[in-house]
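Asker: Take a look at the following structure, please.
The values are calculated or read from the model by the stated rules, or taken from the named source; none is laboratory data. These figures come from a predicted structure and were not determined experimentally. Methodologically, a virtual Cβ is constructed for each residue, glycine included, from the backbone with ideal geometry; neighbour enumeration extends over all protein chains shown.
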Amino acid sequence: MKILKYLFLLFLLSLVALSIFVATQKGDFTVERSKVINSPKSAVFNYVNDYKNWADFGSWTAQDPEMKINYPQNTIGKGASYSWEGKEGNGNMKTIFVKENDSIAQKMNYEGTASDVFWSFKDTLGGTKVTWKTAGKMSFLFKIYTAFNGGVDKVIGSMYEKSLANLDKTLDFEINTYTVKVDGLVKKPETFYLHQTFTSEISKVIKNFRIVAPKIITFCEKNNLPLAGKPFVIYHTYNLVNGLAKISICVPIKNQIYTSAGSDLLTGKLEAYEAVKTTLSGDYSHIMEAMDKTKAYRNAKQIAADPSLSHIEVYTIGKSETKSPSKWVTEIYYPTKPALVANPINAVPTKTQLITNKTDVLAPKIDIVVPKSQPGVAIPKAKTDIVAPKAKKDVVVPKTKKTVPPVKEVEIPSEF
C-alpha cells in the first residue's frame, strides 16, 4: 500500500510541477513560414482568398478527414468567414482586411486560443513568394498540447509547411492545366435575362460575379422564374489602359418579365446574333490568352466586330460545379458586325448613274432596217434632206425636270 501511495504522490507532484511549468510559460507566440509557389501572383492570391479552397491544401484536412466544415454565403474577401468541427477541436476564422494581389489579414479562434493571421504575396523569380504568419496568445490547454508536441513553433510551423507544399502542388497542376480553342463563327439565339450593370475594375470582375450572380439566382428561385442557361457577363466596354470595364452580370431566364421601379435588378434581351466563339477550359487566369487568340482569328478571317459592345463571357462550368480550376469552362463570344446587303430589285440609282445614263434616255438607239430588193419591185429613193418643222414663236415648250427619288437611309437597330 505504501508503494502505491508514494507512486500516487509522485504522480500528483509531477502533475503540479507540469502545471506550474506550463502556466509560467510565455503565452504569446509568433510563427512564420514562407515558400515560393510556382504560379502567378493573382492566381495564388485569388485561390487563398476563398475559404472554400482551404480544404484542398490545408494539411489539417488530411489529418482529420471527418472534419466538418461550415461555409456561410460569403467566403471571399473582406468579411468572409468559415468554421470547422474536428476531433482535436473546433475553430473559426474571419477575414478583416484584403489588399488585392498583395496581402490578407484574418482573425482566428481555436479552442480559446485567439490569433491574428497574415498572408503576403510577392512576385519573385520562379513564381510567387507566399508568407504565412500567425501571432497570438495561447490558452492553458493549448500550452499543454504544444508542450507535449515539441512547442508551438513546431506544431503550427509544420502545419504551415505541409499546407504551403500542398498549395504549390495544387496550383501548379490546377492553374497551369488548360486549353484554348477558337471554335469559329456560331449563331446565338434570342435570350431574356435579369442583370445588374455597373463599372468594375477588370481584375475584380470575377469576384463581383461570384457575389452578384448568386443573388440574382436566389431572386429567380424565390419568384419561381425558371432559368434558361448559365450565368454570363456582358462587357459593354473593356479598357485595359485604365483597367476598367462597364459590365452587366446576367442570369438568363425563359420568359421576359418586368421588374418594379427602383429595383436593383433590371430585365434585358439579347437579340439573336452571330459571333466568334472561343472556349477556355481551365482556370480563368488564362482569359487574356483566349482573348488574344480570338482577336487573331478575327483579324485573319477579316471578321468585323460589333462596335456596340466588347464581348460576352458565359461561365459554363465554374466553382459551383467543381472546385478543380483545371475543369472550369468559360465560353467567350465576340459578336460580329451585321453586313449591309443591297437589294438588286429595289436598288435606287445614284446621282452618278443618272448622269451617266442621260444620253441613253434623251437619245435612244434606233435600228433602221432596209428591205431587200425584189424582182419587179422598185425601191423608192430615200430623201436625204430632212427639214425639221419650225417651232411656233408663241408656243413655249416647258423643260422637263427630272426628279431623283431620295436615297432612304436605313438604320440598322443594335442587337444589344
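Asker: Filter the stretch 314-330 for residues that are surrounded by 20 or more Cβ atoms within 10 Å (Cβ to Cβ) and outside any loop (DSSP other than H, G, I, E, B) and give the result.
Answerer: Y315, P325, T330
Asker: Okay, moving on. Need the failing condition index for K68 against (1) surrounded by 14 or more Cβ atoms within 10 Å (Cβ to Cβ); (2) of a type outside the set (D, E); (3) free of Cβ contacts under 8 Å to residues at least 24 places away in the same chain; (4) more than 28 Å from I202 (Cβ to Cβ), just the number.
Answerer: (1)
Asker: While we're here: Any idea which residue in the stretch 278-294 is nearest to S42 (Cα to Cα), counting only those that are at pLDDT 95 or above and among the charged types (D, E, K, R)?
Answerer: Per the criteria, the residue is E289.
Asker: Let me ask something else. Kindly indicate the residue of the stretch 23-65 that is free of Cβ contacts under 8 Å to residues at least 12 places away in the same chain and among the hydroxyl-bearing types (S, T, Y) and also surrounded by the fewest Cβ atoms within 10 Å (Cβ to Cβ) among those meeting that condition.
Answerer: Applying the filter and picking the extreme gives T24.
Asker: Whether any residue in the stretch 318-327 is outside the structural domain of I76 (by TED's automatic domain parsing), in contact with a helix residue (DSSP H, G or I) (Cβ under 9 Å, 6 or more places away or on another chain), over 29 Å from N74 (Cα atoms) and of a type in the set (G, A, S) is what I want to check.
Answerer: Start the filter on the stretch 318-327 by keeping residues that are outside the structural domain of I76 (by TED's automatic domain parsing), which leaves 318-327.
Pick out the ones that are also in contact with a helix residue (DSSP H, G or I) (Cβ under 9 Å, 6 or more places away or on another chain) and you get 318-321, 323-327.
With the extra rule that they be over 29 Å from N74 (Cα atoms), the set shrinks to none.
The answer is no; no qualifying residue exists.
Asker: Follow-up. Please determine whether any residue of the stretch 227-244 is among the hydrophobic types (A, V, I, L, M, F, W, C), in contact with a helix residue (DSSP H, G or I) (Cβ under 8 Å, 6 or more places away or on another chain) and farther than 28 Å from G79 by Cβ.
Answerer: yes
Asker: What pairs come out if I take residues in the stretch 278-290 that are over 8 Å from I332 (Cβ atoms) and pair them with residues that are assigned to a loop (DSSP other than H, G, I, E, B) and among the β-branched types (V, I, T) whose C-beta lies under 7 Å away, six or more apart or interchain?
Answerer: G282/T177
Asker: Does the stretch 247-260 include one or more residues that are surrounded by fewer than 19 Cβ atoms within 10 Å (Cβ to Cβ) and at pLDDT 95 or above?
Answerer: Checking the stretch 247-260: not a single residue is surrounded by fewer than 19 Cβ atoms within 10 Å (Cβ to Cβ) and at pLDDT 95 or above.
Asker: Next question. Search the stretch 210-230 for residues that are touching a residue at least 12 places away in the same chain (Cβ under 8 Å) and surrounded by 16 or more Cβ atoms within 10 Å (Cβ to Cβ) and pair each with any residue that is of a type outside the set (A, V, I, L, M) and outside any loop (DSSP other than H, G, I, E, B) when their beta-carbon atoms are under 7 Å apart and the residues are at least 6 apart or on different chains.
Answerer: V212/Q196; L227/C220; L227/P252; K230/Y315; K230/T316
Asker: Condition first: in contact with an Asp or Glu (Cβ under 6 Å, 6 or more places away or on another chain), farther than 26 Å from R210 by Cα and surrounded by 14 or more Cβ atoms within 10 Å (Cβ to Cβ). Can you find one or more residues in the stretch 144-151 that meet it?
Answerer: So far as the stretch 144-151 goes, no, none of its residues is in contact with an Asp or Glu (Cβ under 6 Å, 6 or more places away or on another chain), farther than 26 Å from R210 by Cα and surrounded by 14 or more Cβ atoms within 10 Å (Cβ to Cβ).
Asker: Being farther than 24 Å from V182 by Cβ, within 12 Å of the chain's Cα centre (by Cα) and of a type in the set (S, T, Y) is the filter here; which residues of the stretch 243-286 pass it?
Answerer: S248
Asker: Anything in the stretch 192-219 that is modelled with pLDDT under 95 and of a type in the set (S, T, Y)? List them, or say none.
Answerer: Hits for the stretch 192-219 are S203, T218.
Asker: Continuing with this model, one more query. Within the stretch 317-335, is even one residue among the polar types (S, T, N, Q) and at pLDDT 95 or above? Talk me through it step by step, then tell me what you get.
Answerer: To start, the set of residues in the stretch 317-335 that are among the polar types (S, T, N, Q) comprises 320, 322, 324, 326, 330.
This time we only want the ones that are at pLDDT 95 or above, so: 330.
Looking through the stretch 317-335, at least one residue is among the polar types (S, T, N, Q) and at pLDDT 95 or above.
Asker: So K269 passes all but one of these: (1) surrounded by fewer than 19 Cβ atoms within 10 Å (Cβ to Cβ); (2) at pLDDT below 95; (3) under 30 Å from P40 (Cα atoms). Which condition number does it fail?
Answerer: Looking at each condition in turn, K269 falls short on (3).
Asker: Here's a follow-up. Say whether the condition of being in the same structural domain as Y51 (by TED's automatic domain parsing), small (G, A, S), under 19 Å from V36 (Cα atoms) and without any contact (Cβ under 8 Å) to a residue 60 or more places away in the chain is met by at least one residue in the stretch 125-140.
Answerer: Checked against the condition, which is being in the same structural domain as Y51 (by TED's automatic domain parsing), small (G, A, S), under 19 Å from V36 (Cα atoms) and without any contact (Cβ under 8 Å) to a residue 60 or more places away in the chain, the stretch 125-140 yields no hits at all.
Yes or no, residue by residue, for (1) among the β-branched types (V, I, T); (2) closer than 15 Å to D50 by Cα:
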position: G77; (1), (2): no, yes
position: Y82; (1), (2): no, yes
position: K87; (1), (2): no, no
position: I96; (1), (2): yes, yes
position: W119; (1), (2): no, yes
position: V130; (1), (2): yes, no
position: K162; (1), (2): no, no
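Asker: Kindly evaluate L185 against the criterion of being surrounded by fewer than 18 Cβ atoms within 10 Å (Cβ to Cβ) and not in a helix (DSSP H, G or I).
Answerer: yes
Asker: Scan the strands (runs of 3 or more DSSP E) fully inside the stretch 24-112 and keep the ones with 1 or more residues being of a type in the set (G, A, S).
Answerer: 28-37, 81-86, 89-99, 103-110
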